[in-house]
């Protein structure tokens, strides 16, 4: 009579919201492939995209069929962002994704395909599951609430008088996943860490921020223009104007002068801050 063989190692996947499939003894790993994913500059590896191809055969004794079992397995294995365990198979003794500290850094694991074929009518079938896992492969890796990539470039325009306009453009990407339906982080929260200070004797004339749909990437564009006067206004003042009128030429002591100063909006306020008009 047939004897059940022991399963070596563990392969299992638990879908968000519940439902677990543990691969049985008639499971074969067709292959595991790792592709380094580089940042936009091509200088460094942000993470490694691991692709697992796993094949399993399901066999049931008559009169049972595999229909309902395969349907349940499909629904589990085709949901992204679950917990994936691949342990004691000769690849890693601790490849436990989204079960604790180690988390996929790009909303995964992400199932890529589920293919099925019958072997013995509706009682013996075979399916192949392909899934991607994004992991940083480094010591002391951070899996969430961390900047995974930050790159920028500078463009300079110099006018006929020798004054400079500086354009800063760049982006940052964070390691992020989901906790149920809620995102664990947002790239816009890291804006202050990325935006450069205004250079001395420059004025910031334009700031543009674009947050990606998955909230993992923030694109930034900033324009700083050099002021055409060596007398820059104090910190926090972005514009100063002066008007002077004389009321009586026969009496040089009569007249008036008005200055207007406009302050930059503090980061914690929602309305512009106007410092008002002053009469001298």
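The values are calculated or read from the model by the stated rules, or taken from the named source; none is laboratory data. The structure presented is a predicted model; accordingly, all values stated were derived computationally and were not measured. Here the Cβ positions follow ideal geometry from the backbone for every residue, glycine too, while neighbour counts run over all protein chains shown.
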Being out of contact with any helix residue (DSSP H, G or I) (no Cβ under 8 Å at 6 or more places or on another chain) and without any contact (Cβ under 8 Å) to a residue 60 or more places away in the chain narrows 102, 37, 46, 85 down to just 102
Please find, within segment 88-98, the residue that is nearest to the chain's Cα centre (by Cα) out of those that are without any contact (Cβ under 8 Å) to a residue 60 or more places away in the chain and surrounded by 15 or more Cβ atoms within 10 Å (Cβ to Cβ).
97
Condition check for residue 68: farther than 24 Å from residue 212 by Cα, at pLDDT below 90 and not assigned by TED's automatic domain parsing to the domain that holds residue 217:
no
The listed residue being in a strand (DSSP E or B) and either at pLDDT below 95 or in the same structural domain as residue 76 (by TED's automatic domain parsing) (or both), out of 7, 29, 3
29
Sole exception among (1) in a strand (DSSP E or B); (2) loosely packed, with under 12 Cβ neighbours inside 10 Å for residue 43, by number
(1)
Count - residues of segment 50-80 that are part of a loop (DSSP other than H, G, I, E, B) and buried (at least 20 other Cβ atoms within 10 Å of the Cβ):
1
How many residues does segment 189-211 contain that are exposed (fewer than 13 other Cβ atoms within 10 Å of the Cβ) and within 22 Å of residue 142 (Cα to Cα)?
3
